[in-house]
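These notes are about the structure you will find just below.
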Amino acid sequence: MNFFGKLTLDSLPHVWYTIGATVSIALMCLAAGMFLTKRQKWGWLWNEWLTSTDPKKIGTMYIIFATLMFFRGMIDAAMIWLQQAIAADSQGYLTADHFQQIFTSHGDIMVFFVTMGFFFGLMNWIIPLQIGARDLAFPFLNSLGFWLTVVGGILINLFFIIGGEFANTGWVAITPLSGLEFNPGVGVDYLIWSLQLSGLGSLLAGLNFIVTIIKHRAPGMTLMRMPLFVWTSLCGMILVISAFPVLTATTLLLWLERFFDLHFFTASFGGNQMMYFNLIWMWGHPEVYILVLPAFGMYSEIVSTFSQKRIFGYVSMVCAALMITFLSYLVWLHHFFTMGSGADVNSFFGIVTMLIAIPSGVQVFNWILTMHKGKVTFASPMYWFVGFLITFMIGGMAGILMASPPADFQVHNSLFLIAHFHTMVIGVAIFGAFAGVTYWFPKIFGFMLDERLGKLAFWFWFIGFFVSFVPLYLLGFMGATRRLDHYAASTHWQPLFITSLAGIAIIGCGILIQIVQLIVSIRGRKQVSGDPWNGRTLEWSTSSPPPFYNFAVIPTVTSREPFWDMKQKGMHPSQKREEIVLFKNTGFGLYISGFSFLAAFAIVWRIYWLIALGLLGVIACIIILSFNDEMEEVYDGK
Amino acid sequence: MDLLLRIIGFVGSLILTLAAFALIAYPEYFGAKGTVLAILILAVIQFIVQFVFFLNFWREKSPFWNMGILFPKSK
Amino acid sequence: MENETKVFGFWIYLMTDLIIFAVLFATFIVLHNNTFGGPSGRDLFSLRFALAETLLLLTSSFTCTLAMLDIHREKKKGAIFWLLVTFVLGVAFLVLEWIEFSEFIHEGATWQRSGFLSSYFTLVGTHGLHISTGLLWMLVALFRIGLRPLLAPSISKIFRMALFWHFLDFVWIFIFTVVYGMGTLL
């Protein structure tokens, strides 16, 4: 048995893109290291950030992490677009296998690390503030969940440095292509273990948020007085804890099959490939609702604040979120209508899929009615909201079209599908992340983002999005399937692909403007009050940024818009501090994640002694931690 | 009293287990499908018995029961 | 109450673990007749083994409740005794399962042989891994009772261990019903 498992010198970078990526990663780490050393901030980094259990710090780290992964995902997207624009009657500049690896990693990174990273970041920051709490229910698990996600993010990028190949199977790693017979290399294993670790992180976060929302609300805040962002996040987290275990189990089965040569999904020996489809989409469909529900809540907050009006139809909004949560479990088969389930089964799933339009419609009407007769200010978060509204309508209608099985037979796995789901994730989730970050930026960092540049960036994103994706809708109808690395010029598709490429160039400009916006805002920063937008919910009653304990005194809540009522009555939050109990910093989240990373890496490369070491490390950390009964610190009122 | 509840739970589970195994060993009585249905029902009943008697789930003091999620929450 | 929150959180974790088992159960049910010419449940399973394993685990669940009763009455010695009994019963369960697996492998009914066998070993094996984890947790709990006073943080952690152990017995009820019952009958 080889001491290094499957690792050889060949695993080191020797192709243009692995060398390029390795050099980039090395340079970035070097730059960060030099900066920290020069400013002597290693200790500060460790004490203030890496070992912190404060959800505000963890939230900021999630957002930074998501932003980094966003750049990686966008580079993948740009490479895909470029390839498709030039590959008419030619192989383009990418081999087929490389192209497949790119779209696989693009999907997994955007779904697991970018969107969920942004959302967990904002939820960590805002949910405790909105419910009048100081922390999440399980501060240690919060830290652990974050570091597991980061470690998953490292694993998904590690192949550049060690291994040189990633999964080429598509983002959900369909069998039997992802099985041992057709993909014996390390690529699929990297994907599986990246998802396992970050999936575990997401599960812990979901658990944490649910217990926090159910158990740690301020006195007087009944469930029906919670802000809508908290409600939709709760629904999203319910989906997380019920769907992610399915992903864990399914990818576990796939890994077992690959590692031990078993037969769950193989083409012979009694395997059943359709079972993989059912299992993975049983996770996959709730997952996409996890990607949109928190965003819906963010939009509700934004519309209400910038219309200076209570959200219209609060109860129906809550019901809509719950209905979406419930229905999302009943539609998974619409991802594979064409795979022979028969008309009866297809009809059931088609009808239920269409039913989801109802709660979605309810929400849209409620948002519009909130704006009606309100004093609407179009600050930049509202720009993102209006952009979302238009985009959501179009993407949603495309979805309803595909919900009909006969129609879906024409457009299944065509670029029409790609256009639909990108409309949803970009229009709802990414625009939502931008809207949320813009809206809560002053609360988080204490100064405003430049409004003019923000609005300009929006226009580039919005126009660029349509220039990119309308051609894809058309291409889908013209018969272009997804994941094509080259095609015949006689199809006349190329002009549309080139238009699409222009679209991403426009989006690229939008991103550049956002970077400039950040730099300009930091340079010209002025401290803002706790309430720069004239907000209505509790987070605006604290300073910007809030003190580490959030609230000096936990407020008692008497309505759905506690801060707005406080302002109307001319009340101020109490300045006197009561006794505050907070969780201490701990490095164990890092240590456990570190050992998990070693174990996962060792599993990918079959380095058996390292697997054992990693697992023993994790177990030892957990046992040592369990004997530490004093993880909390008391701050008396000063 | 607590001890008695747990002994009842244990004996009840024992009976349900033995019954299930007896049915599996002699499937002629209910037929294959009938036996499977019967043992599934026995399994659910045993689950409930263990849940109630081993975990003492009807006690008012049990924190899980008294979630009070719809009422104002005091910390 | 802080303890209440932790127990609630632990229940939610147990539900997620249950869903993982549900997927493994579903896989077994779908694949249990995919023997690919190899042995089936009817050929392999011995009801005597399954019954013995079930009785061992059931009794250990019972003795675990006795240990928890002693903990609530602050009887350290009683708690340690009953937890040790639970531990020994749990180890005996694993030994029987190990013997059962070894016999199957010896007869050529390996994990790799067919879809049926892959799903059988994975489902029962995952349960066995959970039992091993529970036993390790039990050892840690025994240390805790021995070394520390029986205050709220300790009781809370030991209670969660007991919940975990009961949960594993619940899952086993369905394993013997679905795997050894349905697996041999249908």
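Just so it is clear, none of the values below were taken in a lab; they were calculated from the coordinates. These figures come from a predicted structure and were not determined experimentally. Positions of Cβ are generated from backbone atoms using ideal geometry, with glycine treated the same way; all protein chains shown enter the neighbour counts.
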Under the helix-only model (-39500 (n - 2.57) for each DSSP H run of 4 or more, divided by the residues of the protein assembly as shown), the mean residue ellipticity at 222 nm, to 500 deg cm²/dmol, is -23000 deg cm²/dmol
Candidates C:57, C:147, C:31; GNM for chain C (alpha-carbon contacts under 10 Å) flags as most fluctuating C:147
Diffusion coefficient in µm²/s returned for region A:503-598 by Stokes-Einstein, Kirkwood Rh over C-alpha pairs, 25 °C and 0.890 mPa s, is 139
Quick calc, region A:158-306, dipole around Cα centre from Cβ unit charges on Lys, Arg (+) and Asp, Glu (-), nearest 20 debye, gives 680
For region A:162-250 the mean separation of alpha carbon contacts under 8 Å (6+ apart) over residue count, i.e. relative contact order in percent, is 29
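Determine, for A:624, C:29, A:611, the number of other Cβ atoms within 10 Å of each Cβ, and report the residues in order from fewest to most.
Listing A:624, C:29, A:611 from fewest to most nearby Cβ atoms yields A:624, C:29, A:611.
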Of C:107, C:97, C:74, the most mobile residue in a GNM of chain C (C-alpha springs, cutoff 10 Å) is C:107
Simple SL model, points at 7 angstrom along Cα→Cβ for residue A:95 and residue C:15; separation in nm is 4.8
In whole angstrom, the spacing between the Cα centers of region C:103-167 and region C:42-91 equals 12
Distance in nm between residue A:565 and residue A:635 label points, each 7 Å along Cα→Cβ, equals 2.8
Square roots of five times the C-alpha gyration tensor eigenvalues of region A:189-292, ordered largest first and given in whole Å, equal 36, 13, 9
Cα extents of region A:356-396 along the principal axes, largest first, in whole Å, come to 31, 19, 11
Pseudo-spin-label distance residue B:19 to residue A:8, built 7 Å along Cα→Cβ, given in nm, is 6.3
Sorted largest first, the C-alpha extents of region A:562-638 along its principal axes in whole angstrom are 66, 28, 14
In cubic angstrom per residue, the convex hull of the protein assembly as shown built on its Cα atoms measures 175
Those helices of chain A passing the 24 Å axial Cα length cut-off and the mean Kyte-Doolittle cut-off of -0.5 (DSSP H runs only) are A:16-38, A:55-86, A:139-158, A:187-215, A:228-260, A:273-306, A:380-403, A:451-477, A:494-523, A:588-605, A:608-626
Taking A:373, A:57, A:455 and counting other beta carbon atoms within 10 angstrom, the fewest-first order is A:373, A:455, A:57
Semi-axes a, b, c in Å (a largest) for region C:1-159, each sqrt of 5 times a Cα gyration tensor eigenvalue, come to 36, 19, 11
One finds, for residue A:259 and residue A:26 with R0 = 41 angstrom and r their Cβ-Cβ distance, a FRET efficiency to the nearest 0.05 of 0.85
Once Lys and Arg are counted +1 and Asp and Glu -1 for all other residues with Cβ under 13 Å from that of residue A:442, the total becomes -1
Sites removed, the longest contiguous part of chain A containing no DSSP-loop GluC sites (Glu not before Pro) with at most 11 other Cβ within 10 Å is A:1-578
The size of the Cβ-based charge dipole (Lys, Arg +1; Asp, Glu -1) of the protein assembly as shown about the Cα centre, to the nearest 20 debye, is 2800
One finds the C-alpha centres of region B:34-51 and region A:584-598 to be spaced, in Å, by 42
Expressed in angstrom, Rg and Dmax over the Cα atoms of region A:341-451 are 17.7, 57
Taking a straight Cα-to-Cα line shorter than 18 Å from residue A:567, and setting aside same-chain lysines fewer than 8 residues away, one finds A:309, A:375, A:443
Taking alpha-carbon centroids only, region A:71-147 lies from region A:219-261 a number of Å equal to 17
Gyration tensor (Cα only) of region C:125-178 to equivalent ellipsoid, semi-axes in Å sorted down, yields 26, 11, 6
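Net charge within 14 Å of residue A:242 by Cβ-Cβ distance, Lys/Arg positive one each and Asp/Glu negative one each, not counting residue A:242 itself?
So the surrounding residues net to -2.
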Between residue A:635 and residues 5 or more places away or on another chain, the pairs with built amide H atoms under 5 Å apart involve A:580, A:581, A:582
